[in-house]
Each structure stands twice: as structure tokens, then as C-alpha cells.
Amino acid sequence: MKTDLVPAGGAAPDRPVVRTSVALAGDGTDIAHARHLAARFLAGVQAGHGLPVSERAMDLTQLVVSELVTNAHKYAPGPALLDLRVTGDTVEVAVWDSDPTLPIARAADVGRVGQHGLEIVMAVAQGFEAQREPVGKRITARIALADDPGGAVCGRRPL
């Protein structure tokens, strides 16, 4: 795993972007490998850069990575790319795959077995974006690194 420390576009020098990327072969080992990479990356962000990473953020990031890589593996032929980037107080999880078809969140249905991955990602992420690329598409989800000290979980306000 290679982690880069790069200046954020327009960000103050004390708010660098920390990132890592990996190409995934598109086989059955990718999902576990991607989850482990995410955990090591966030542990390194916390230990090496002193940024707070809550246990909940660690768990949610691994969940989002797992769901997005699973979808890439399931719906797009060939390899995928996973990009993890910490900017400010969030981690961005981006997955590129070769299929240009943008995902569509289905209506909630407790009777449906499977195909809830996108619903899960959208429910736990503070931000979500799906965009076509010149080849394929990129799905990006943003997750707060620390729980809100006011009691809201990961920056969300209680209902």
C-alpha cells in the first residue's frame, strides 16, 4: 500500500490530503483485500497524521468499501480501482469500474433479498456521487472521520 500526502486544491497547507489507491483484479479476493486496505489506511491516518478516526468511521468505511467493490465486481467486467482519500474531517471512498451504467437506488423493500448495497451506502454516507467517466463510472461516498461531540453520529443530527 502506498500512501501519498499531497496538498489539497485550495486547502490550507495544514490540511493536506492523504490518499491511497489500489487496482483490483476483479476476482473474489478483491472485497476482503479492499476492506483490509481501508482499515490499514485509516489506522495509518490516525497514527501517522494524528487525525481522529472513530471506531464507527472505521466500521462504516469498511462497509462502504465492501459494498462498492462488491457492486463493481458484480456488475462490471474486469478490474476496478479503489481510491481512499482523507480531506479535512472526511474520508472519501471512490470506486471506478468499466461499466458506464450509473447505479439507481431501488425503493426500500423489506421483502427483497439482496441488492441493498447502494441503499446501505447512501444511508451511512454524508455524501454520495455517481458520475460517468470517459471509460466506465466512478462512485464516491464521503464518511465523517469522527463522531460529532454534540452526540450526533458521524455528523448527522438526531431526528
Item to check | Ranked list, fewest to most other Cβ atoms within 10 Å of each Cβ, for Ile104, Ile120, Ile31, Ile143 | outcome: Ile104, Ile120, Ile31, Ile143
Checklist entry - Fewest to most neighbouring Cβ within 10 Å: what's the order for Lys137, Lys74? => result Lys74, Lys137
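The numbers here are math on the coordinates, done by the rules we state, and not lab data. Just so you know, these numbers come straight off a predicted model, no measurement behind them. So basically every Cβ, Gly included, is an ideal-geometry build from the backbone, and we count neighbours across all protein chains shown.
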